[in-house]
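Worksheet: the structure to be examined is printed underneath.
Laboratory data are not the source of any read-out in this text; all were calculated from the coordinates shown. Note that the structure is predicted; figures quoted are calculated from it, not measured.
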Amino acid sequence: MSDNCEKSCDSCNSGCGSKQELADLSKLPHPKSKIGKVIGIVSGKGGVGKSMVTALMALEMNRRGYRTAILDADITGPSIPKSFGVTGPVVTNEEGVIPARSKTGIDLISINLFLENEHDPVLWRGPIVTGTVTQFWQEVIWEDIDYMFIDMPPGTGDVSLTIFQSIKVDGIIIVTSPQELVSMIVAKAVRMAQMMNIPIIGLVENMSYFKCPDNGKEYKIFGESHIDDIAKQYDLEIIGRIPVDPLLAEHIGDGTIEDYPVDNLKEAADMVVAI
Ligand SMILES: Nc1ncnc2c1ncn2[C@@H]1O[C@H](COP(=O)(O)OP(=O)(O)OP(=O)(O)O)[C@@H](O)[C@H]1O
Ligand SMILES: [Mg+2]
């Protein structure tokens, strides 16, 4: 093992003899599913806008005419159905589970669609959480999906790793915000992607600035962002910058995200099409 070993054995060619193979735990989706590209939305920290970016990416791809789906893998903090104004229960037949469909035609699965009361807390431990996400992958009939976005649980811990081992993910988008310890958080996400051999599509910086509706000026309310330096350091592309927008929060809050008129993630969607 070299002095600067990063234990990224899957992407390392040093042939040092200490190589640890990651077990192949990948699971096949339901036989009736047809799923094109799968994109994971991750961040090293909660509350930075992962679910919002997942929803906006799905909206953008859906607007471009692709059949789009969201798998809400955030079992203990599911927020996707609420932002789309979609409620359960979902239909289950003898073959499998039929995902809910949003107003504009995006297929959705989330633990909230199975709970009797969506406000009930889910107090499950890691293995049950990851088992549930695997069931969302294997037992839901995802029909003719071009792009599936996975809203990952916050952080880069065991649950995220197990999900990435079970589901074949084609790329990840890392969400950050200027007030985070961005460098550390990006480093963790990059390392996780390397361990899993998953390409990083790019970084989206949320809450980059606030555009004042009165004078049109942009204010960096969380201070100067260091995202450009960090992107350079890790050889990543910045594929989106989303401002703080009270209208966005309003649409998420009242379940009408599909009516949000601003298109902040065009470049990110172009990158997803290119993978
Ligand atoms: N750019 C923005 N402008 C205004 N409000 C925003 C913006 N981004 C996110 N929010 C609000 O901040 C909250 C957190 O966003 P979101 O739920 O997407 O984060 P998250 O990273 O998924 O959080 P968690 O880790 O809890 O799952 C939401 O209530 C959302 O309405
Ligand atoms: Mg979330």
Helix-only mean residue ellipticity at 222 nm, the chain, DSSP H runs n ≥ 4 weighted -39,500 (n - 2.57), per residue, nearest 500. What is it? -8500 deg cm²/dmol
Among the DSSP beta bridges whose two residues both lie in the range 150-259, what percent are antiparallel, rounded to the nearest 5? 15 percent
What share of the DSSP beta bridges in the chain is antiparallel, in percent to the nearest 5? 15 percent
Per its Cα gyration tensor (rounded if a/c is under 1.5, else prolate when a/b beats b/c, else oblate), the range 116-216 is best filed as prolate
Quick check: from the Cα gyration tensor, does the chain come out rounded (a/c under 1.5), prolate or oblate? oblate
Among Lys82/Lys103; Lys34/Lys168; Lys37/Lys168; Lys50/Lys232, the pairs whose Cα-Cα distance exceeds 18 Å are Lys50/Lys232
